């Protein structure tokens with residue numbers, strides 16, 4: 001496997017407190033990845049690579065959380081409060097009520113954000129890797 005997230009891993013080593021439990025992540029194993037791909041065949045490869053290299057969980061002391069599987073509003077019990085297309089699947093959240101995910105009707109693998117206050121879906125036009133670097137607060141020198 002070619003590693004795609006070396007810069008991100010190096011960055012997190014520099015900025016995170018390794019003893020802080022909120023920074024603990026779980027690397028997904030081969031079986032977990034296969035199950036994820038079987039259930040969601042349109043999931044972008046850079047999300048899969050992230051789960052294999054950095055893992056699911058929080059980073060930057062709870063700045064953002066990347067989940068080990070995808071979820072939707074129904075999984076959260078919010079389907080009666082918001083209306084979204086059934087093709088929207090989330091991978092993470094910012095601990096402020098907003099979710100990040102993918103629109104599987106789009107074939108580009110770019111990230112969408114769901115803003116809970118307005119109930120709007122925002123198309124970021126960025127790949128998962130670019131998006132997650134922004135959430136990590138990485139600047140462009142990395």
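A short reminder: the numbers here are calculations on the coordinates, not readings from a lab. Small disclaimer: the values here were computed from a predicted structure and weren't measured. Every residue, glycine as well, gets a Cβ built from its backbone with ideal geometry; the counts of neighbours run over all protein chains shown.
Overview of results
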quantity: Matching option when the condition is within 16 Å of the chain's Cα centre (by Cα) and loosely packed, with under 12 Cβ neighbours inside 10 Å, among 95, 123, 131; calculated: 95
quantity: Residues satisfying the stated conditions in the range 13-25, i.e. surrounded by 14 or more Cβ atoms within 10 Å (Cβ to Cβ) and over 22 Å from residue 69 (Cα atoms); calculated: 15, 16
quantity: Of residues in the range 26-45 being surrounded by 17 or more Cβ atoms within 10 Å (Cβ to Cβ) and under 13 Å from the mean Cα position of the chain (by Cα), the one farthest from residue 108 (Cα to Cα); calculated: 43
quantity: Within the range 124-142, considering residues that are touching a helix residue (DSSP H, G or I) at 6+ places or on another chain (Cβ under 7 Å) and assigned to a loop (DSSP other than H, G, I, E, B), the one farthest from residue 41 (Cα to Cα); calculated: 142
